[in-house]
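A short write-up of the structure that comes next.
None of the figures in this text is laboratory data; all of them are computed from the coordinates on show. Just so it is clear, the structure is predicted and the values come from calculations on it, not from any experiment. Note: ideal-geometry Cβ built from the backbone for every residue, glycine included; neighbour counts use all protein chains shown.
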Amino acid sequence: MEFKVSNAPFIHNNNSVSKIMRQLLYALMPAIVVYVYFFGWNIVVNLFIASITALSCEALMLLLRKRPLRAFLTDYSAIVTAFLLALALPPFVPWWITVLGTAFAIIVAKHVYGGLGYNLFNPAMAAYAMLLISFPLQMSDWSVILDTLSGATPLDAIKNQLKITDLKAWEWINLAFLLGGCWLLYKKVITWHIPVAMLISLIIISAIFFLINPNLYSSPLFHLLNGATIMGAFFIATDPVTAATSNKARLIYAAGIGILIYVIRTWGAYPDAVAFAVLLMNMAAPTIDYYVKS
Amino acid sequence: MTHLWKFHGGIKLDGHKTLSCDKPIIQAKIPQFLVLPLLQHKGEPADPIVKVGDYVFKGQIIAQNAASSIHASSSGTVIAIEAHNIPHPSGLKVDCIVIETDAKDQWLELEPISDYTSLSADEVRQHIAKAGIVGLGGAGFPTHIKLKPTKIATLIINGAECEPYITCDDRLMRERAKEVVLGAEIISHTLGGVKRCIIAVEDNKVDAYQALLIASANSNVEIIKVPTIYPMGGETQLIEVLTGNKLSRSNLPASIGIVVQNVETASAVYRAIEYGEPLLSRIVTVTGSGVHKPQNMAVLLGTSMRFVLEQCEVTSKVNRLIMGGSMMGLSLPNDDIPIIKTTNCLIASEENEIAASTMPCIRCGSCAEICPMDLLPQQLYWFTKAKDFQKVEEYKIFDCIECGACSYVCPSSIPLVSYYHYAKSEIHINKSEAKKSELARQRHDFRNFRIEREKKERAERHKKAATKSKAAIKAEIAKARAEKT
């Protein structure tokens with residue numbers, strides 16, 4: 001009898017890129033539910049618009065680059081990018097901002113760099129930064145929430161020395177992200193190194209300044225539970241493609257993000273800083289890998 | 001409870017061992033033809049010492065060289081010495097001695113040793129060499145060479161058997177525990193007496209462990225249970241777990257006073273000394289979805305795999321045949337291949353594996369987490385892809401034991417082990433080419449030097465000759481003048 005020949009090993013644990021990406025999407029669900037509870041269904045519309053745009057752009061780029069459509073369209077990586085971007089945008093942002101941002105994420109930040117596995121920057125964060133710089137007005141339009149919750153985005157509020165009446169929504173959303181993140185840890189989709197190093201470095205640096213002058217600097221708890229901190233720690237900084245490789249290198253990479261978040265939030269021009277902190281450390285990741293090998 | 005260490009990473013695997021582990025070892029039939037390859041492990045092929053037409057007895061040496069000897073595994077007539085398929089990754093054909101058996105199974109007279117303790121280590125080792133015993137765990141390294149080093153403090157008999165599907169060692173330990181223990185004692189004697197002699201068994205083989213405990217009751221052999229985690233049976237991993245010593249591949253275990261032998265090797269050594277029996281058969285696990293009767297069989301070396309599979313009621317829908325386990329085994333192109341000394345398992349599989357399409361590496365790091373040698377498989381992969389072999393070596397590719405754990409967990413289904421194979425062979429080729437060109441350079445330099453030297457010598461000679469002839473002419477003239485006057 002003749003047989004087919006292949007190479008060892010002949011078994012596999014059945015993990016796949018698409019399974020990892022699906023698990024990421026599941027882990028985002030609690031935060032989406034809480035988001036809907038506080039800000040209404042608009043976020044769902046945004047997630048939908050972003051996903052359609054992402055899949056279309058992915059298909060277009062795959063065709064242009066002559067890559068297999070099916071394998072890459074079903075890997076869910078484009079949807080993850082779409083979800084992360086939509087969740088980072090203000091909920092009542094004009095639809096074309098969502099479309100433009102997602103298209104930029106997939107076409108420029110992902111495929112121009114070589115597609116899945118080759119991108120230097122986190123696509124969702126690159127798109128977010130592009131939008132923030134190009135359309136500052138639309139990107140900081142939290143007016144509807146201002147009406148309903150009588151408060152601007154929390155970090156903007158602090159910046160403008162406004163009175164904050166309701167931070168609860170963000171705290172709950174962040175706790176929901178934390179829940180999803182812990183599930184990812186439990187499922188071993190991510191390891192503890194990046195979230196822990198990023199959060200601890202943020203706590204330490206904010207605690208130092210808070211202890212020096214509590215009137216001028218906000219508390220560590222405030223930094224943890226507001227803005228995109230938790231989402232960044234568990235869902236964005238952990239993107240393996242754009243992070244450093246070895247565990248030790250990942251600790252350094254994530255600690256850098258934590259510190260940069262604090263620096264940009266406290267002394268920078270933009271209200272939230274996760275996107276810029278992540279992008280800056282994305283750039284540093286290859287260098288960290290070069291010097292820190294195991 | 002003995003203190004155990006841990007090795008880095010490792011994976012839990014579905015063993016598939018219950019398919020075959022509960023049935024006793026049965027004796028396989030004598031085939032009509034025996035095909036005995038002259039090369040069954042790394043090294044030089046043995047030289048045949050029989051001719052076509054010769055009658056050979058069971059146990060008679062039919063080929064040998066310094067490293068190994070090959071015996072007729074049953075009696076019959078040598079009908080050919082010709083190239084034949086053997087289990088080899090590249091489908092290599094190797095010269096084999098083909099014997100047509102006469103079903104009489106007539107033994108050559110055996111020479112058992114009644115008391116090996118009265119013999120010197122060297123003499124025992126010669127008996128082991130004569131019996132043609134090699135490492136039966138997989139690599140097939142000649143045992144007598146492995147038992148040469150002196151100053152060995154610890155002997156480890158490896159009964160971990162961590163690969164999925166394989167149960168031949170399990171069955172052997174259950175049924176012939178005494179042989180394993182006594183074999184361990186003989187090996188220990190051959191090494192000049194060791195301080196510790198350990199038989200290590202994975203803790204999923206409860207019955208084997210119990211049998212060994214009973215068999216070793218009156219001896220110094222320790223039986224130690226080790227956790228069931230792949231690749232526990234790897235030499236470096238087992239040494240690390242039992243002794244805490246982390247070895248790199250460039251250091252042989254003997255350099256830290258350790259020798260590791262497989263359990264079946266120990267039993268073969270026992271039989272060679274106690275009964276004078278050379279290595280003529282081995283236990284083979286025949287398993288997988290493609291056989292109705294998965295079981296362990298004692299198979300004569302040289303038996304065709306097809307004949308073995310038939311005895312296990314092979315189905316007609318087998319798609320793949322693997323020799324060895326499902327993690328490190330060798331996929332074979334057909335079943336017209338003989339069972340050799342290192343054939344511990346045959347997996348006949350009906351599954352038509354749909355190869356998951358390979359995706360790009362997403363740098364998830366799962367591979368580095370489970371690598372039992374604590375390497376960075378992902379970096380090795382990237383550098384191999386970039387053909388930066390210097391970096392590949394820097395990242396210790398030669399420490400890789402090719403256990404396949406990285407490929408097993410890779411979410412992108414990248415055939416990492418195949419990349420490492422490629423890198424290793426490229427590096428070897430580059431090195432041998434570098435060596436060749438270095439030799440050529442040296443030859444060239446020497447040639448230039450020689451030409452230069454010869455030129456000088458010639459010049460010297462000419463000069464001498466010239467002065468000489470001048471002197472001679474002068475003398476001649478002087479003579480002539482003298483005659484004139």
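Where both partners of a DSSP beta bridge lie in the protein assembly as shown, what percent of those bridges are antiparallel, to the nearest 5?
Around 65 percent antiparallel, to the nearest 5.
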Other chains near B:407-418: what is the mean number of their Cβ atoms within 10 Å of each residue's Cβ? 5
Within the stretch A:85-110, the residues whose backbone N lies under 19 Å from a label point placed 7 Å from the Cα of A:N42 along the Cα-to-Cβ direction are A:85-102
Run through the stretch B:201-293 and list the trypsin sites (Lys or Arg not before Pro) located in a DSSP loop whose Cβ has at most 16 other Cβ atoms within 10 Å. B:K246, B:R249
Hey, got the dipole for chain A? About the Cα centre, +1 on K and R Cβ, -1 on D and E Cβ, debye to the nearest 20? 740
Which one of B:A211, B:A80, B:F389 is farthest out on the positive end of the charge dipole of chain B, using unit charges on Cβ (Lys, Arg +1; Asp, Glu -1) and the Cα centre as origin? B:F389
How many angstrom lie between the Cα centre of the stretch B:364-390 and the Cα centre of the stretch A:42-91? 30
Where nothing but the Cβ of Lys and Arg (+1) and of Asp and Glu (-1) is charged, how large is the charge dipole of the protein assembly as shown around its Cα centre, in debye to the nearest 20? 3560
How large is ³J(HN,Hα), in whole Hz, for each residue of the stretch B:201-214 in order, when computed from phi with the Karplus curve 6.51 cos²θ - 1.76 cosθ + 1.60 and θ = phi - 60°, using x for Gly and Pro? 10, 5, 6, 8, 9, 4, 5, 4, 4, 4, 4, 5, 4, 5
Please compute the contact order of the stretch B:318-404 in relative form: average sequence separation of alpha-carbon pairs under 8 Å and at least six residues apart, divided by the residue count, as a percent. 25
Under Karplus coefficients 6.51, -1.76 and 1.60, residue-wise ³J(HN,Hα) of the stretch B:255-269 in Hz, glycine/proline x: 5, 10, x, 10, 10, 10, 10, 6, 5, 5, 4, 4, 5, 5, 4
Computed from every Cα-Cα pair in chain A, P(r) in 10 Å bins starting at 0 and rounded to whole percents is 6, 27, 36, 21, 6, 2, 1, 0, 0
FRET efficiency for A:K168 and A:M283 from the Cβ-Cβ distance with R0 = 30 Å, rounded to 0.05, comes out at 0.25
Write out the GluC sites (Glu not before Pro) in the stretch B:304-396 meeting two conditions: DSSP loop, and at most 15 other Cβ atoms within 10 Å of their Cβ. B:E313, B:E350, B:E351, B:E353
Which loop chymotrypsin sites (Phe, Trp or Tyr not before Pro) in the stretch B:239-344, with loop taken from DSSP, have no more than 15 other Cβ atoms within 10 angstrom of their Cβ? B:Y275
Toy charge model, Lys and Arg Cβ at +1, Asp and Glu Cβ at -1: chain B dipole around Cα centroid in debye, rounded to 20, equals 3520
Of the stretch B:57-89, those with amide N under 14 Å from the point 7 Å along the Cα→Cβ vector of B:L330 are B:84-89
Would you pull out the residues with amide H under 5 Å of A:F3's amide H, same chain only if 5 or more places away, H placed 1.01 Å from N? B:N334
Number of partner chain Cβ atoms within 10 Å, mean per residue of B:346-352: 1
Amide H neighbours of B:L346 at under 5 Å, excluding residues fewer than 5 places away on the same chain, with H built from the backbone geometry, are B:T285, B:V286, B:T287, B:G324
How many Cβ atoms of partner chains, on average, are near each residue of A:222-232 if near means within 10 Å of its Cβ? 0
Report the relative contact order of chain B, percent, no decimals, based on alpha-carbon pairs under 8 angstrom and at least 6 residues apart. 17
Of B:G91, B:L4, B:G159, farthest towards positive along the dipole that unit charges on Lys, Arg, Asp, Glu beta carbons give chain B: B:G91
Compute the FRET efficiency between B:H428 and B:K463 as 1/(1 + (r/R0)^6), taking r as their Cβ-Cβ distance and R0 = 45 Å, and round to the nearest 0.05. 0.30
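When Lys and Arg each count +1 and Asp and Glu each count -1, what net charge do the other residues less than 14 Å away from B:V124, Cβ to Cβ, add up to?
My count for the surroundings of B:V124 gives -1.
Enumerate the helices in chain A for which the Kyte-Doolittle hydropathy averages -1.0 or more and the C-alpha atoms extend at least 24 Å along the helix's axis, using complete DSSP H runs.
Answer set is A:17-39, A:42-64, A:168-186, A:193-212, A:247-267, A:274-291.
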Integer Hz, Karplus 6.51/-1.76/1.60 couplings in order for the stretch B:112-122, x for Gly and Pro: x, 10, 6, 9, 5, 5, 7, 8, 7, 4, 4
Using modelled backbone amide H atoms (1.01 Å from N, in-plane), which distant-in-sequence or interchain residues come within less than 5 Å of B:V260's amide H? B:I156
Could you work out how far apart the two model spin labels at B:Q27 and B:S114 are, taking each label as a point 7 Å from the Cα in the direction of the beta carbon, and quote it in nm? 2.7
Surrounding charge for B:I145, neighbours by C-beta under 14 angstrom, Lys/Arg +1, Asp/Glu -1, total +3
Mean separation of Cα pairs under 8 Å and 6+ residues apart, divided by the residue count of the stretch B:361-485: what relative contact order is that in percent? 20
More than 38 Å apart: what percent of Cα pairs in chain B qualify? 34
